[in-house]
Amino acid sequence: MSGTFVGMPAFPRAAHDAVRDTTLRGNLRHATHTIRAKRAKAVAEVSDWAELREAGKRIKDHTLRHLDRYLEQLEESVTAAGGTVHWAADAEEANRIVADLVKATGETEVVKVKSMATQEIGLNEALEAEGIRAYETDLAELIVQLGKDRPSHILVPAIHRNRGEIRDIFTREMSEWGRPAPDGLTDTPAELAEAARLHLREKFLRAKVGISGANFMVAETGTLVVVESEGNGRMCLTLPETLISVVGIEKIVPTWQDLEVFLQTLPRSSTAERMNPYTSTWTGTTDGDGPAAFHLVLLDNGRTDTLADEVGRQALRCIRCSACLNVCPVYERAGGHAYGSVYPGPIGAILSPQLRGTGSEIDASLPYASSLCGACYEVCPVAIDIPEVLVHLRERVVQGGPATREGNKVVLKPAKGHAAERAAMRAAQWAFTRPGVLRTGQRLASRTRRLHPRTLPGPGRAWSGTRDLPAVPAEPFRDWWQRTHGTGEDGGAK
Amino acid sequence: MSSRERILGRVRRALADAERDEGPYERAVERGYLREHGGRSTAATVELLAENLADYRAVVHRCTAGELPAVIAGLLAARGARTVLVPPGLPDRWLAVAEAERVPDRSESTPHELDRVDSVVTACAVAVAETGTIVLDGGPDQGRRRITLVPDHHVCVVRVPGQVVSSVPQALERLDPLRPLTWISGPSATSDIELDRVEGVHGPRTLEVVLVSGGDQ
Ligand code: SF4
């Protein structure tokens, strides 16, 4: 994973600042609480949710277990359908491939539909360095790009901005990038959406190159799927002459039929809709309809290292619905930026340290950015046991041990005594001194016992050698904390 | 070593410990979920489609095959549409009494030209009742993907009950993955401002769905 968030402070420091930002906290709380209630309703509408979730998990697990075979099959079917497949071992290689493809068209600007993979590799910056301007077209991405900001949520990267702030950004910045915001723009969401429509229209209509990610790739047919709401995806996928899709290798499903699971669980779990407004599927190129050239860039960038970890590999099942962010009490208080990665929230806490390794302070502290409450696991439509992976990664940080980096087996040194350990401990302390966080989650304390049979997860292991700690979690953590740390007042973090 | 070989090699090494499923894929994944949610009569399925379309702010109209030309003409007139995009295989009689000037769906048209057209009329490939979704597959009566994207007003005709299925699994069974598909559930929308759904971003801001029944449509 490239250094997208250079100079990012470790989680506890960033979270500390975020908690003091009352606007940010208000924005996040409002947004996550709205979506939580709606999501629960959308999920309750389907009586077989548990079965869909189980099938989704199994499809993804099976695919991962045979990933080599399905990658080869996908390459074959995409090629047969008129596409060209490229392989990128890391961010740098992927950026190079895309920049060269764009240059070969002679164009100096591209339109982009929101894609986590291209954010992860820092594609926009890499293109900029080559004299190519990438226009983000998703409303939230546009807000982030115009505001010279960082994404803070998987699905709604500008979730930390309220309507007033968005109005100000549009009014101030749109003219720099193209059509200015309409005079007298107010902060009603409909007017803001209209301003974005007008601003981006001209760019869509003249675009010759589109760049996308994909939610799914079907190995047997070579079909790619993009799930979206606004229609900017359709614009990028159909109007340009050249389409370049950068997709993580874990996005494969074996068969067309498998989509019947994910096209039911993804919209309900992410935007709480029966179905999102637009879903596009395409297989290679189609004569006379849409781009004449299609390139698929298959991205590794730490995914195979993640796959090598028996416990951690389940993170690759993720379909990026963001439900785990929306229910997470730590995310709600700390905000997405504190995670120092394009993948924030619970999934970020297990994915970033695996994709990037646990060498940096921020990555070492991420597995501690959780109270292990388990709400993320409960909502996850592919049943990723995030607490289990967190505990596993805490052990890796504290005790060191075998891991895979860039395809090589390595033995990590324990973080003990290093800056990383201190960052991790501060993160743990940050989460633990917020009973508002803990209260939400304490029901899991007993559930995770099997994961840490003798000692406290993470900090327990690190601390028990030098500090006088009871053998947690025989006693629920929060009770222990209250007993040993007094009042249980909310620490100002509510 | 090429990156292809490098990545595939890493995958194989990473999976050295993993148990591989033997046998056909159909048996590898248990599918305990439903093919559709609840049993309904055909009429009730069409009714559910209408409800769910409307719930996501599509404007729903119902008529018989005989009434269809007048209904389409009425919708275009009410919109004040002077021009209408027409896929090559749209039945002639659908627009027989419409006054708007017809613009054929041609590969030479530029996006800017399409942007000046007021409306588009198409058929669909299938409609999904449980989700309120219409699916276009680029067939002759639906045209290129972009014609239902650039104009701001889309009139989509669904032949009921023949084109209506209950559920997403049933829809996928009917669709050909090799065709470019567009699944549409209501007009374009965004949830990007405080996670509230707001209609009307880049796709057509008005979606009208005509459920036409009976006769030779
Ligand atoms: S981990 Fe699960 S809940 Fe979180 S984004 Fe991924 S799929 Fe959604």
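For the reader, a short list of remarks on this structure follows.
- Surface accessible to a 1.4 Å probe, A:Trp49 within the full protein complex, Å²: 30
- Protein-protein interface of region A:214-231, residues with accessible area decrease of at least 20 Å², isolated chain reference, 1.4 Å probe: A:Thr221, A:Ser229, A:Glu230
- Close amide-amide hydrogen proximity is noted between A:Val253 and A:Met217, A:Val218, A:Ala219, each under 5 Å apart and 5 or more residues distant or on a separate chain (H modeled in the peptide plane; Pro and chain starts excluded).
- Only one residue of B:Leu114, B:Ile134, B:Val103 has its Cα farthest out toward the positive end of the dipole of region B:40-213, where Lys and Arg carry +1 and Asp and Glu -1 on Cβ, and that residue is B:Val103.
- The protein assembly as shown - accessible surface per residue (Å², probe 1.4 Å): 35
- Estimated FRET transfer efficiency when R0 is 41 angstrom, pair B:Ala16-A:Thr79 (beta carbons, to 0.05): 0.90
- Per-bin percent of Cα-Cα distances, chain B [10 Å]: 8, 28, 30, 16, 12, 6, 1
- Only Lys, Arg (+1) and Asp, Glu (-1) charged, at Cβ; region A:11-303 dipole about Cα centre in debye: 1080
- Rounded to the nearest 20 debye, the dipole magnitude of region A:66-114 is 220 debye, with +1 charges on Lys and Arg beta carbons, -1 on Asp and Glu beta carbons, and the Cα centre as origin.
- Region A:67-93 and region A:121-176 have Cα centres spaced 30 Å apart.
- Within the shell defined by Cβ-Cβ distances under 15 Å, the residues around A:Arg206 carry a net charge of +2, with Lys and Arg each +1 and Asp and Glu each -1.
- Using θ = phi - 60° and Karplus 6.51 cos²θ - 1.76 cosθ + 1.60, couplings along region B:106-120 (whole Hz; Gly, Pro as x): 10, 5, 6, 4, 8, x, 4, 5, 4, 5, 8, 7, 6, 9, 9
- Rg/Rg_ref, region A:366-425, where Rg_ref = 2.2 N^0.38 Å and atoms are Cα: 1.28
- Net charge over other residues, Cβ less than 15 angstrom from the Cβ of B:Asp152 (K, R count +1; D, E count -1): +2
- Residues in region A:277-293 that, when all protein chains are in place, have 20 Å² or more less accessible area than the chain alone would give (probe 1.4 Å): A:Pro277, A:Tyr278, A:Thr279, A:Thr281, A:Trp282, A:Thr283, A:Thr286, A:Gly288, A:Asp289
- Solvent-accessible area buried by pairing A with B, both sides, nearest 100 square angstrom, 1.4 angstrom probe: 7900
- Axial C-alpha extent at least 18 Å, average Kyte-Doolittle at least 0.0 - helices from chain B (DSSP): B:42-55
- Percentage, to the nearest whole number, of Cα pairs in region A:11-303 over 37 Å apart: 15
- Selection among A:Leu155, A:Ile97, A:Gly178 by position relative to the dipole of region A:11-303 gives A:Leu155 as farthest towards the positive end (Cβ unit charges, Cα centre).
- Inter-part distance, region B:1-78 to region B:135-150, computed on C-alpha centroids, equals 18 Å.
- Karplus-based coupling profile of region A:352-361, in residue order and whole Hz: 4, x, 8, 5, 9, x, 9, x, 8, 4, with θ = phi - 60° in 6.51 cos²θ - 1.76 cosθ + 1.60 and x standing for Gly or Pro.
- Length available on full extension from A:Arg405 to A:Asp149: 0.36 nm per residue minus the Cα-Cα distance, which gives 89.1 nm.
- DSSP-assigned coil residues among GluC sites (Glu not before Pro) in region A:318-420, each with at most 15 further Cβ atoms within 10 Å: A:Glu406
- Whole-Å distance, taken between Cα centres, linking region A:333-412 and region A:262-327: 20
The values are calculated or read from the model by the stated rules, or taken from the named source; none is laboratory data. Since the model is a prediction, treat every value here as computed from it, not as a measurement. All Cβ positions, even for glycine, are placed from backbone atoms using ideal geometry, and neighbour counts span all protein chains on display. Just the protein is used for accessible areas: all its heavy atoms, side chains included, with ligands, DNA and RNA removed. Shrake-Rupley method; radii C 1.70, N 1.55, O 1.52, S 1.80 Å.
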